[in-house]
Amino acid sequence: QLAESGGGFVQAGGSLSLSCVASGYAVNRYHMGWFRQAPDKAREFVAIFRWDGEGAEIADSVRGRFTISRYNDHKTVSLAMNNLRPEDSARYYCAATTETLELRDPARVNYWGQGTQVTVST
């Protein structure tokens with residue numbers, strides 16, 4: 001189970017934070033991160049934090065503005081979002097995957113959270 005919190009409404013240039021707590025499975029063997037989906041668009045990779053000590057991967061579209069962290073014995077993953085843009089508006093989903101080679105493929109995700117809305121106004 002993945003329980004998300006955070007999100008909301010912010011003006012362009014503002015900041016928001018998302019958090020996700022995992023439970024019910026061997027969380028320390030799963031990579032955990034975030035995808036997002038805007039209306040009428042495909043779900044896309046945002047960021048992921050690997051469990052195997054190889055660090056994080058970040059989408060080019062958010063690199064330098066978003067930071068992903070993982071802590072609490074690997075059970076919690078957070079996404080700090082700065083300098084938000086209207087194009088960042090989407091529903092953000094916490095994800096957990098054992099996939100190693102295709103971390104960014106939403107079809108490879110094992111578990112999804114319910115999602116939390118992020119809306120950035122101009």
Measure of compaction for the chain (Cα Rg per 2.2 N^0.38 Å): 0.97
Point-charge dipole on Cβ atoms (K/R +1, D/E -1) for the chain, about Cα centre, debye to 20: 180 debye
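Report the local net charge at VAL120: Lys and Arg +1, Asp and Glu -1, summed over other residues whose C-beta lies under 14 Å from its C-beta.
So the environment of VAL120 carries a net charge of +2.
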Selected from SER19, SER61, SER78 as most flexible by GNM, with the chain as the system and alpha-carbon contacts under 10 Å: SER61
Extension gain from GLN37 to GLN114, taking 0.36 nm per residue of separation minus the Cα-Cα distance: 26.5 nm
Cα convex hull volume per residue for segment 1-73 (Å³): 121 Å³
Residue of VAL77, VAL46, VAL109 that the Gaussian network model of the chain assigns the largest fluctuation, springs spanning Cα pairs under 10 Å: VAL109
Charge context of ASP88, other residues only, Cβ under 15 angstrom, K/R +1, D/E -1: +4
Charge context of LYS75, other residues only, Cβ under 14 angstrom, K/R +1, D/E -1: 0
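Once neighbouring chains are kept in place and the probe is 1.4 Å, which whole percent of the accessible area of segment 4-58 is contributed by carbon and sulfur?
Values: 1290 of 2710 Å².
Carbon and sulfur: 48 percent of the exposed surface of segment 4-58.
The values are calculated or read from the model by the stated rules, or taken from the named source; none is laboratory data. Just so you know, these numbers come straight off a predicted model, no measurement behind them. Ideal geometry is used to build each Cβ from the backbone, glycine not excepted, and the neighbour counts take in all protein chains shown. To get the accessible areas, we keep the full protein, side chains included, count just its heavy atoms, and leave off ligands, DNA and RNA. Shrake-Rupley method; radii C 1.70, N 1.55, O 1.52, S 1.80 Å.
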